[in-house]
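Read the structure below first, then the notes.
Nothing in this text is a laboratory measurement; each read-out follows from the coordinates by a stated rule. This one's a predicted model, so the numbers in the text were calculated from it and none came from an experiment. Note that each Cβ is placed from the backbone with ideal geometry, even for glycine, and that neighbours are counted across all protein chains shown.
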Amino acid sequence: MSEFATRLIAWQKVHGRHDLPWQNTRDPYAIWVSEIMLQQTQVTAVIGYYAKFMQRFPDIATLANATQEEVLQYWSGLGYYSRARNLHKAAQTIMAEHGGQFPQDFEVIQQLSGIGRSTAAAIASFAFNQPQTILDGNVKRVLARHYLVEGWPGLPKVEKQLWVLAEGLLPEHGMVAYTQGLMDLGATLCTRSKPKCLLCPLNSTCSAYQQNRVKELPASKPRKVSPQKQTTMLLLLNGNEVMLEKRPSSGIWGGLWSLPEIGMHEIAVEVAASRFGLQTEVEEPLPLVNHAFTHFKLEITPQPLQLLHKPLQANAPNIIWLPIEDAIDAALPTPVRNILKSLK
């Protein structure tokens, strides 16, 4: 077993994290849900969501039998909603094709919606003690520094180099402690900024530390200016009720309830009349709301419109009227929820 793995396992057993809600279990479902939630999201943000999600959907069958809308409601605010849609779809696949049992075959795990190689490796390692290597952002940082890997880890050739390194370091035993140790080291000591190198069990063999290049590695992603987009969201109000519209199942905020959007040059009262058959009276716009996505920034103008009279057929397909307090608890994008909260 490599010195890297030996030191890491010994460190994890003493100094690693042992009390996270999804630890100390071999239940592949619980491990799978946590790994999906932890993609691109910090542990501290995940803990509360994980507890509520697992309480409502305690097993694969319960998740598979739920509606996508309810799954999204319990994911609302966590972001990257395709993760929730994929989780739901994969649960249905497991029920239909695997008799409700989470598959153990590493290749089969990767065929489930939303599970890539690294996530599959974490599940296989933690649930089934299989010798599979993970390579998430934390692990890439640890390896890039320890072995002086140049270049941005998102580049295919750099990532390939890191996979080869990671595979060569796998221990013959102690997979759970090793895999958790990699995650813990990157999350607690070998952090992106202000790493605690003096406490690191690998500092004597870390090339970046020895050469005083820790701050340089891993190389940053080449910077691109995020494009700025604008939209107007209609707050169609009838007393204390607000109208929500379900978004298409794919794309940004897919499947969530939201406020209807119109183009910047469209007239709000005309769109309310032509699209929804509503006679309205325009009010002053609310303050602008800015929201950052991975690839662009969105500037939202919330435009309140008071109904002159509510239509007899209020709830059409993909349209619902709710009291504002109830609407806040629906499966909404975070900026929409914040807009509704500002009305209270």
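Descriptive notes on the structure:
Here's the yes/no breakdown for (1) free of Cβ contacts under 8 Å to residues at least 12 places away in the same chain; (2) under 19 Å from the mean Cα position of the chain (by Cα):
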{"position": "Tyr80", "(1), (2)": "no, yes"}
{"position": "Ala91", "(1), (2)": "no, yes"}
{"position": "Gly100", "(1), (2)": "no, no"}
{"position": "Glu107", "(1), (2)": "yes, no"}
{"position": "Leu112", "(1), (2)": "no, yes"}
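- Complete set of residues in the range 315-341 that are of a type outside the set (A, V, I, L, M) and assigned to a strand (DSSP E or B): Trp321, Pro323
- Test: residue in the range 259-281 that is surrounded by 12 or more Cβ atoms within 10 Å (Cβ to Cβ), of a type in the set (Phe, Trp, Tyr) and assigned to a loop (DSSP other than H, G, I, E, B): no
- Taken over the range 299-338, the criterion of being within 20 Å of Ile267 (Cα to Cα), within 27 Å of the chain's Cα centre (by Cα) and either exposed (fewer than 12 other Cβ atoms within 10 Å of the Cβ) or of a type in the set (A, V, I, L, M, F, W, C) (or both) is satisfied by Ile300 alone.
- Residue count for the range 84-110, restricted to those that are touching a Gly at 6+ places or on another chain (Cβ under 9 Å) and surrounded by fewer than 18 Cβ atoms within 10 Å (Cβ to Cβ): 3
- Close pairs from the range 147-166: first part of a helix (DSSP H, G or I), partner surrounded by fewer than 16 Cβ atoms within 10 Å (Cβ to Cβ), Cβ under 6 Å, at least 6 apart: Val158/Gly151
- Unmet criterion (only one of (1) part of a loop (DSSP other than H, G, I, E, B); (2) under 30 Å from Ala331 (Cβ atoms)) for Arg192: (2)
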